[in-house]
Amino acid sequence: MQASTAIAILGKSQGTKAHNRQLAARIALGAALWHAAADPKPLLLYVAEHDALAVRTALLGRWGIPEDRLLTRRISNCTFVEVRALRALCVEAGAARLLAVTHPYHAARTRTYLREILPDATVVPAHESALAGFVLPASEAARFADLAKLLRLSRPEPLDELRERIVEAALRAVHALDRGGTVERALANLVRPRPPRGF
């Protein structure tokens, strides 16, 4: 699976919520970026442990991504490990460029981690403003007709957003003191225990 560009959809655990709106929006935006890309088409990557099968199913089915352009792995339950796994997959695929799709509140920490190991990577916010940066082929217009609405509805509620921003600021501060990610990995294992293997 060689590609000069890769698009990574960053994971988002929603705890006990039945519908993961944020992950759904990230999946849709990643797929839209893929369809808008010139040939040769990039690889789509997803390496978070949680929801890997659901992500794969959505990309192959609803969003029309061919299986040979999709690489999903259950490797990570935290952003620190996720970014490092993405670097390994980019090296393996020969991808010199990475676009990482995540929500705006998560973008600064993602960018910090990426700069350490993939300085040319770009973080694409899962926000309506990202839609101004590319044009979908006419053949895909119907499939992505509700993309702006999906992105808008994926915004966290104000209190959830505040909580997310506080967590992000704390994790960035911890990372400044712990570049090896030991604390973040330990916290992730406490908060998001790893699911059973099998995919």
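Observations
One line per residue, one yes/no per condition, for (1) buried (at least 19 other Cβ atoms within 10 Å of the Cβ); (2) closer than 23 Å to ALA130 by Cβ; (3) free of Cβ contacts under 8 Å to residues at least 24 places away in the same chain:
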residue	(1), (2), (3)
GLY30	yes, yes, no
TRP34	yes, yes, no
GLY64	no, yes, no
ARG73	no, no, no
ASN77	yes, no, no
PHE80	yes, no, no
VAL83	yes, yes, no
LEU86	yes, yes, no
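- Qualifying residue in the stretch 167-189 (condition: surrounded by fewer than 16 Cβ atoms within 10 Å (Cβ to Cβ), under 19 Å from the mean Cα position of the chain (by Cα) and in a loop (DSSP other than H, G, I, E, B)): no
- Subset of the stretch 88-101 (residues that are among the small types (Gly, Ala, Ser), touching a Leu at 6+ places or on another chain (Cβ under 7 Å) and either closer than 28 Å to GLU128 by Cα or modelled with pLDDT of 95 or more (or both)): ALA95, ALA100
- PRO42 falls short on exactly one of the conditions (1) under 19 Å from LYS12 (Cα atoms); (2) at pLDDT 95 or above; (3) buried (at least 21 other Cβ atoms within 10 Å of the Cβ); (4) not hydrophobic (A, V, I, L, M, F, W, C), and that condition is (1).
- Yes/no for ALA85 being in contact with a Lys or Arg (Cβ under 8 Å, 6 or more places away or on another chain) and among the small types (Gly, Ala, Ser): yes
- Residue identified as in contact (Cβ under 8 Å) with a residue 12 or more places away in the chain and touching an Asp or Glu at 6+ places or on another chain (Cβ under 8 Å) among VAL55, VAL124, VAL101, VAL47: VAL47
- Check on THR112, over 21 Å from LEU190 (Cα atoms), among the polar types (S, T, N, Q) and crowded, with 20+ Cβ neighbours inside 10 Å: no
- Some residue of the stretch 102-113 being among the polar types (S, T, N, Q), more than 12 Å from the chain's Cα centre (by Cα) and modelled with pLDDT of 95 or more: yes
- Some residue of the stretch 95-102 being under 21 Å from ARG179 (Cα atoms) and of a type outside the set (Lys, Arg): yes
- Note on the stretch 86-138: residues that are assigned to a loop (DSSP other than H, G, I, E, B), of a type outside the set (A, V, I, L, M, F, W, C) and closer than 21 Å to LEU23 by Cβ amount to 2.
The values are calculated or read from the model by the stated rules, or taken from the named source; none is laboratory data. This is a predicted model, so every value here is computed, not measured. Note: ideal-geometry Cβ built from the backbone for every residue, glycine included; neighbour counts use all protein chains shown.
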